[in-house]
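Single-structure report; data block below.
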Amino acid sequence: MSRLIEEKGKESESGGFIILFFILGLAASLVLGWGVFPKLLYSQKKQPIDFNHVLHVEAVEEGCESCHFFREDGSFSGLPKLAQCVDCHEEIQGEDPNEVKFVEEFVANEREVPWLVYAEQPDCVFFSHAAHVKMGKMECVLCHGHIGESSHSRVYEENRVTGYSRDIWGKNISGLKKNTWDRMKMDDCAECHAKNKIGYDKTSMETLPWPLNWALLPYEKQIGPKARVQAKKDACFVCHK
Amino acid sequence: MKKEVKNEKAKKYGMVIDLDKCTGCGACMVACMSENNVPFKEDESNKLDSIAWMRVYKLTNGKPFPEADICYLPRPCMHCEGHNGHAPCVSVCPATATDYNHETGIVSQIYTRCFGCRYCMVACPYHARYFNWWDPVWPEGMEKYLNPDVSPRMRGVVEKCSFCFHRYQTAMNKAYVEGRRKLEEDEYQTSCAQACPADAITFGDLNDPAHAVHQIAKPDLKHGGRSSNPNAFRLLERLGTNPKVYYLSSREWVRRAGDNYLKKDKTVKKLH
Amino acid sequence: MKIGRRSFLSFIIGGAAGTALSPLAWKSMDDSSIWSQNWPWTPVPADGEVSHVNSVCTLCPGGCGITVRKVDDRAVKIEGMKGHPVNDGGVCILGLSALQLLYGPTRVKAPLKRVGERGEEKWQEISWSEAVAEVAAKLGDLRSKGKSHTVCSILDSDKGTVPYLFGRLLTVYGSPNFIRTPSIQDSYELAINLMHGVQASAGFDVEHADFVLSFGSGLIDGWGSPVRMFKANSNWKDSGSKVVQIEPRLSNTAAKSDKWIPINPGTEVALAMGLAHVIIKESLYDSDFVNNYSSGFDKFKQLVLDKYNPDNVAQITGVDSSALVSLARNFAHASKPLAVCGRGQGKTQGSLDEFIAVHALNALVGNINSEGGVWAVPDPDYIKWPEVEMDSVAAVGMQKERIDGAGSETYPYARYLLNRFSGVVNSEEESPVNALFVAGANPLYTISDSKAVKEAFSKIPFVVSFSSYMDETAKNADLILPNHVFLERYEDVPMPVGLQKHVIGLSRPVVKPQFNTKHVGDVIILIAKALGGRIADAFPWDNYEACLEETLGDKWESIVENGFWSDPDFKVPASEEAFNTPSGKFEFIPANLKSPLDFSPVTIEGSDISYPLILVPYDSMRLANGFIGNPPFITKTVEDTVLKGKDVFVEINPKTAEEIGLIEGRYVDIRTPRGKAKVRVHLFDGIMPGIVALPRGLGHTAYDKYIAGKGINFNELIGPVEDPVSGFDAAWGIRARLTKV
């Protein structure tokens, strides 16, 4: 009997505990989700060479296009190959340890530098630089941000699950973005296309922010005006291979 | 810019295959496989699981020696338009993994969207779709020849001929860089059409009267694209799939083999 | 403090709420869905800069120009080269698959020395200097023992710098035994040699012919230069030119022809003579050519009028005499008729009579060396190396008779007789060949009566293969000195087969050598230098590339730029000067031929009592049957009525099948006087009753798992039948029996 009373007493005591534990659980999971999880999810990788864009932009004549240019066949060169670098870097210039490493390890051995590409899209994506830069007259900055103004290579973060660069999802783990170049997911393509009414047949187009678009739009409705990506249902093949 | 896009006339890429010229050599099949990273296995003699986007069928007239005759029929995806893009496979896909592109008339297949239900394979009357029962495996070193323009597929998805859509994309890239939006006829050709040593395959825009395909197939766009060339036919035309691959044959029995005709039926053009 | 159930639940609920408000769940869901779409073990081909390199394919004698698409340093696709004089943009199924050979598992990756038994596939990797030293030591040893003439080389061609280097080494070393693998080239060359009096290859102006009469030639099954023939066939369709195909089986060529005339197999020669009979009797022949530029016509006329009247010929060939007469008339009335022969892809030599008879038909209609006709095309003479200076050993060795008997008293006309090789070696207790070099050839697979060939090889003490692939011959060699694949090396490719123009193509390194291989030309030069003396003196070049560049001289630059060199002014001499026979004219009955030809069909091996059926081979573009084994892509295109699992099908007429009690797909034993095999039957209405047909190109025992062990090699079931005049292998089939198993 006394045991029973004891337990009852305890139970009445635990009202505050319940709230406390709720808050504890909430706090712990928030810390886990917002703090620990991103740390666990992304591995940190250093570029093989710390590259100084500022220095190079000053040295070259045609800005970004000096190294990142369109080939005659319409393809975009992306990252320059060693052969291009060698034009200037046959010999070690200056004393920067990165420069020394570059010439000794790569130029001398005719080995390509295994750069980590921040903006690397997965294999299933076909992206036409020509369509956006040449036809759409878009600036590099719009998607790539101010990378041309960096004097050091930042850490490359790789998603351990998908293998994608963190730049695709965006630095902000919530997926929210301030600038156009903060994320490079499909929705971001869509957002811009919607704004500029490219590839849409409805003019009153707007996209919902993630994840509402997932939650609120049933599949069939994607053809409708509030579609996530493309209003025209037939557009997948434009960007996917 | 939008205006420009809107003003762009919709294209309708299609193919004419001259069965009188086709020698059945199989070059189109291999041209396709090597262009599109189609995998291979140790034993490919079970044709039910042997992936061949382009497959050359052997037709026989069923007569005894010496009246016997054979004819080869290369079969890519027909890129059916159906009625306004209502292709058999497109209308059944629950994942929107396959779709009719109105800009080019090409039926797409998005491998990353496909979850392998194979409903489209059931719906396709041409057996043009193939399922990846296994992961593709290339012997060591052979992955070096893989084409970066086409994604290798994984186990569990359906694949099919895309009319080498990546070639359209790369050709468009070149056009963009040169400030154009229009492609010349020879700028976009499928791998099979380019390789065919007998020049039996003609590829181009059926909507463009300047293109050879239009001139040969003479599609009657008001009547489901039916050809007004007496030697031309399409496979199972009477199903209303409105395919974009036309065949030419001077042999009546070959034209008859293209559809399920009854004995009394004639392969006349006007059915409506 | 004790945590109660409620507190715990509350903690969990709090955790759940927090998780919902954190990105963990959403992000994980998104990431895992992405992961499920990109499987890490599916290769992702690296992107890069696209470039195109023009070269020439050497996988068959067709000599097509190719354009290889590269992405950075990887070759990703082979396409036909636009504007090339042979194939103008087209490409065949084998050329398309060449990257599977380049990057495939069948490559020999380094020089290998046998350590186990022959064919046991126990190898030791050795260095190139060891390999060259070993060969040089062996050759030096044989030479010092006065056995230089017992060294023998088998190559697929005798044209171009690489075969010339082989020939030069043999000559200066002291051996006459350079052997080219057999094909209809041999028979055409000999027919032209005898009837024209010149040494030349047969070129066919197929583009301009308007009536093509084919005696079993697989015009669109790989005969001649395949892509060129496909294009010509399409042109014929456009221009309304007629094609008549004569053969017992409905091949693709027969199906695409305007008229298919089934004929009793092997009797084509009689039909050709029957057609000549009608043409002569009805005076349909070209009297200008016959009267002014030919000799022996009266004798020939007498022969055909006496022996080959349509009724007789109908009896022999099974071709209706009225059909024969109308065929002869149509042929003769055509403005540019062309008759060709050589069965299937022309991989066996055939009987000389047949080639002479068919060539005589061409002469009757006056299309020798003229538009739309047959041309005698001499080799382009761009290889002008100084004569070798032989020492006494070499001079003695070169005087010895050839091992295959070619050029001897018995076989005075033939230049190469590889078909006799195994018979000669096997007939002697000790092999008359002490060292054998094989390059660009796979005789253990391609020569008929494989068992005998294998036995002969096993008797030869030293066999060196230069194969890039682990083919049957390489597998049974003592030493493999792997050559670069054609996409990794320079080589001149002169004289695409059957072309009536002078074209020299250039194979060039499209990619860097993938493995520790060496150009066969370099190896020959190294061996010569290691042997020293006059032998080394004959090879003044530092390496093969220097040799090639020097040889091509002023052609080098243009050939490098265009990928080929062609002579726009090439013409054959007019009929007044074209013939170098004793009569100075075209000879219907060659005066240089000592024994008369009897133009009778070749009798094949086997009695019709124990072997009631006739087995013939058939060639298909989808089965490479030369020294290159089928790459996986091509094998994938083979129909399931030809190959199913590991079983090959023999084609049989449903009537014949019914007589034996066979149904579609039934397993049977096929027996011939040379061998037996288990196969399945495929009922085919396109084959003459009483005949069964097997495809060539299956039954490999080497290469890789994608081709080895599938079906059977036709050459295991057939043996050579010697042509009495030329010594060529005239077998077109063999008698066979099917028994249910």
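For this structure, a couple of remarks:
- Close Cβ contacts (under 7 Å, 6 or more residues apart or on different chains) running from residues in the range C:408-421 that are among the basic types (K, R) to residues that are outside any loop (DSSP other than H, G, I, E, B) comprise C:R415/C:A406.
- Complete set of residues in the range C:452-491 that are touching a Leu at 6+ places or on another chain (Cβ under 7 Å), assigned to a helix (DSSP H, G or I) and either under 24 Å from C:E716 (Cα atoms) or free of Cβ contacts under 8 Å to residues at least 40 places away in the same chain (or both): C:V453, C:K454, C:F457, C:E472, C:T473
- Test: residue in the range C:229-241 that is more than 9 Å from chain B (Cβ to nearest Cβ), surrounded by 24 or more Cβ atoms within 10 Å (Cβ to Cβ) and touching a residue at least 60 places away in the same chain (Cβ under 8 Å): no
- Condition met for C:E561 (acidic (D, E) and surrounded by 15 or more Cβ atoms within 10 Å (Cβ to Cβ)): no
- Residues (within 7 Å of another protein chain (Cβ to nearest Cβ), among the small types (G, A, S) and either farther than 30 Å from A:L79 by Cα or in contact (Cβ under 8 Å) with a residue 40 or more places away in the chain (or both)) located in the range C:7-61: C:S7, C:S10, C:G14, C:G15, C:A17, C:G18, C:S22
- B:A68 of a type in the set (G, A, S), under 16 Å from the mean Cα position of the chain (by Cα) and more than 9 Å from chain A (Cβ to nearest Cβ): no
- Pick from the range C:309-332, criterion in contact (Cβ under 8 Å) with a residue 12 or more places away in the chain and in a loop (DSSP other than H, G, I, E, B), ranking: farthest from C:E247 (Cα to Cα): C:N309
- Test set (1) more than 8 Å from chain C (Cβ to nearest Cβ); (2) free of Cβ contacts under 8 Å to residues at least 12 places away in the same chain; (3) surrounded by fewer than 21 Cβ atoms within 10 Å (Cβ to Cβ); (4) not β-branched (V, I, T) - B:G62 fails condition number: (1)
- Of the criteria (1) under 24 Å from C:I504 (Cα atoms); (2) part of a loop (DSSP other than H, G, I, E, B); (3) touching a helix residue (DSSP H, G or I) at 6+ places or on another chain (Cβ under 9 Å), which one C:A376 fails: (2)
- The conditions of being touching a Ser or Thr at 6+ places or on another chain (Cβ under 9 Å) and not assigned by TED's automatic domain parsing to the domain that holds C:S148 are met by C:S370.
- Of the residues making up the range C:1-38, those that are aliphatic (A, V, I, L, M) and either assigned to a helix (DSSP H, G or I) or within 30 Å of B:I110 (Cβ to Cβ) (or both) are C:L9, C:I12, C:I13, C:A16, C:A17, C:A20, C:L21, C:L24, C:A25, C:M29, C:I34.
- Among residues that are within 14 Å of chain B (Cβ to nearest Cβ), part of a loop (DSSP other than H, G, I, E, B) and among the β-branched types (V, I, T), C:T641 is included.
- Residues (at the interface with another protein chain (Cβ under 9 Å from one of its Cβ atoms) and polar (S, T, N, Q)) located in the range B:102-135: B:T104, B:S108, B:Q109, B:T112
- Of the residues making up the range A:131-162, those that are in contact (Cβ under 8 Å) with a residue 60 or more places away in the chain, assigned to a loop (DSSP other than H, G, I, E, B) and of a type in the set (A, V, I, L, M) number 2.
- Filter result for C:L593 (farther than 26 Å from B:L48 by Cα, more than 13 Å from every other protein chain (Cβ to nearest Cβ), touching a Leu at 6+ places or on another chain (Cβ under 9 Å) and crowded, with 19+ Cβ neighbours inside 10 Å): no
- Any chance B:R255 is over 30 Å from A:V133 (Cα atoms), in contact with a Phe, Trp or Tyr (Cβ under 6 Å, 6 or more places away or on another chain), surrounded by 15 or more Cβ atoms within 10 Å (Cβ to Cβ) and of a type in the set (D, E, K, R): yes
- Within the range C:373-391, the set of residues being of a type outside the set (A, V, I, L, M) and under 19 Å from C:E550 (Cβ atoms) comprises C:D379, C:P380, C:D381, C:Y382, C:K384, C:W385, C:P386, C:E387, C:E389.
- Matching residues in the range C:554-589 - criterion: being modelled with pLDDT under 95, touching a helix residue (DSSP H, G or I) at 6+ places or on another chain (Cβ under 6 Å) and not hydrophobic (A, V, I, L, M, F, W, C): C:S575
- Qualifying positions in the range B:192-229 - farther than 22 Å from B:E81 by Cα and not hydrophobic (A, V, I, L, M, F, W, C): B:Q194, B:P197, B:D199
- Spans of strands (runs of 3 or more DSSP E) in the range C:651-719 with at least 1 residues within 11 Å of chain B (Cβ to nearest Cβ) and either crowded, with 20+ Cβ neighbours inside 10 Å or touching a strand residue (DSSP E or B) at 6+ places or on another chain (Cβ under 6 Å) (or both): C:675-683, C:691-695
- Considering (1) touching a residue at least 40 places away in the same chain (Cβ under 8 Å); (2) under 30 Å from C:V76 (Cβ atoms), the lone condition that C:L526 does not fulfil carries the number (2).
- Total residues in the range C:1-59, condition more than 30 Å from B:D149 (Cα to Cα) and aromatic (F, W, Y): 3
- Per the conditions (1) in contact with a strand residue (DSSP E or B) (Cβ under 6 Å, 6 or more places away or on another chain); (2) modelled with pLDDT under 95, the sole criterion not satisfied by C:C341 is (2).
- Looking only at the range B:71-80, and only at residues there that are out of contact with any Leu (no Cβ under 8 Å at 6 or more places or on another chain) and within 12 Å of another protein chain (Cβ to nearest Cβ), the one that is surrounded by the fewest Cβ atoms within 10 Å (Cβ to Cβ): B:P74
- A:V113 more than 10 Å from every other protein chain (Cβ to nearest Cβ), within 21 Å of A:D182 (Cβ to Cβ) and in a loop (DSSP other than H, G, I, E, B): no
- Among the residues of the range C:333-346, the ones that are surrounded by 23 or more Cβ atoms within 10 Å (Cβ to Cβ) and either farther than 18 Å from C:W375 by Cβ or of a type in the set (S, T, Y) (or both) come to 3 in all.
- Scanning the range C:529-547 for residues that are of a type in the set (G, A, S) and free of Cβ contacts under 8 Å to residues at least 12 places away in the same chain yields C:G532, C:A536, C:A546.
- Number of positions in the range B:136-191 that are within 20 Å of A:A130 (Cα to Cα), among the hydroxyl-bearing types (S, T, Y) and either touching a Ser or Thr at 6+ places or on another chain (Cβ under 6 Å) or facing another protein chain (nearest Cβ under 9 Å) (or both): 2
The values are calculated or read from the model by the stated rules, or taken from the named source; none is laboratory data. Keep in mind that what you see is a predicted model, and the values were worked out from it rather than measured. Here the Cβ is made from the backbone with ideal geometry for all residues, glycine too, and neighbour counts use every protein chain on show.
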